[in-house]
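Have a look at the structure below before the remarks.
Any read-out appearing in this document is the output of simple, stated calculations on the displayed coordinates, not a laboratory observation. Small disclaimer: the values here were computed from a predicted structure and weren't measured. Glycine gets a Cβ as well: all are built from the backbone with ideal geometry, and neighbour counts include every protein chain shown.
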């Protein structure tokens, strides 16, 4: 009987110890599961994921997100596809990310998706290209009007205040290009002997840069300069001119210092290009989004402009 009581007492004690161990172990597991390495989840959405030109921007977004302990997902399209951009934004909204950094294309559906995200409580920050009529929180990037003013002044000096300039546009990021053109016009309005020659919207949308240049040269053989407003226009302008003449006969200006533009400058085929601080834009977009989520930056500036750097090939004016 005494032996039985000892066994019963031992079993009860063991049971209590095991129960307490289970409780504390479960509590341990719960405590360990609470901390997370990330404060927020955000998504960066781009229309040209396969374009190496945007790598400094994407790399900066990734590095700053890591520094801020933010989980970042990169999504979008490889080929300027509006439907793929919409799908990426829908996915961001459905997965309830805390914020979206968007490099938008000018498509009404993208504006609608930015509004949908904002109404859902997800702040949208645009970079490089803006959609100011949307509900986006802030734009981070180049002041395209002022970069246009700078190029306009430089081309006026190169032409000694007289000449006809052909304007070439890309069918993508049209609103951005219109801002650049507005800056150019602002700078040139004091020069009565300089004239900008533009194509119609239909002519732009149905032709690439080389075809636009051909049309401009056919209709205006007295052109002395070209401005490429789009990212890849300079190579098309040069190719078209070299089919019929030599680039030395024209002053060619570019607004995006791509690898192709850099190669053309080394050939002295173009006079000047604009380098945008893509790295700074990437850092600043994550910083501003994080500050907004933490309530540190209120009221939020609607525009945060970054610096540009004008790169010249050293070709002198006339």
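Taking the beta-carbon count within 10 Å as an exposure proxy, list 69, 279, 144 from fewest neighbours to most.
69, 279, 144
In the calculated pair distance distribution of segment 148-192, what percentage of Cα-Cα distances lie above 11 Å?
The answer is 65 percent, as a whole percent.
Restricting to the chain, what percent of DSSP beta bridges are antiparallel, rounded to 5?
The antiparallel proportion sits near 15 percent.
Tell me, 80, 265, 113 in order of fewest to most beta-carbon neighbours within 10 Å?
Final ranking by Cβ density, sparse to dense: 80, 265, 113.
In percent, what relative contact order does the chain have, based on Cα pairs under 8 Å that are 6 or more apart in sequence?
After rounding, I find 17 percent.
Can you check what the Kirkwood hydrodynamic radius comes to for segment 200-318, Cα pairs only, in Å to one decimal?
After inverting the mean inverse Cα-Cα distance, the result is 16.4 Å.
On C-alpha positions alone, give me the angle between the axis of helix 209-219 and the longest principal axis of the chain, in degrees, nearest 10.
So the inclination is approximately 20 degrees.
May I ask you to give the average projected area over all directions of the convex hull of the Cα atoms of the chain, in nm² rounded to one decimal?
Average projection, Cα convex hull of the chain: 22.8 nm².
Report the rotationally averaged projected area of segment 144-275 based on its alpha-carbon convex hull, in square nanometres.
Taking a quarter of the hull surface, the average projection is 7.0 nm².
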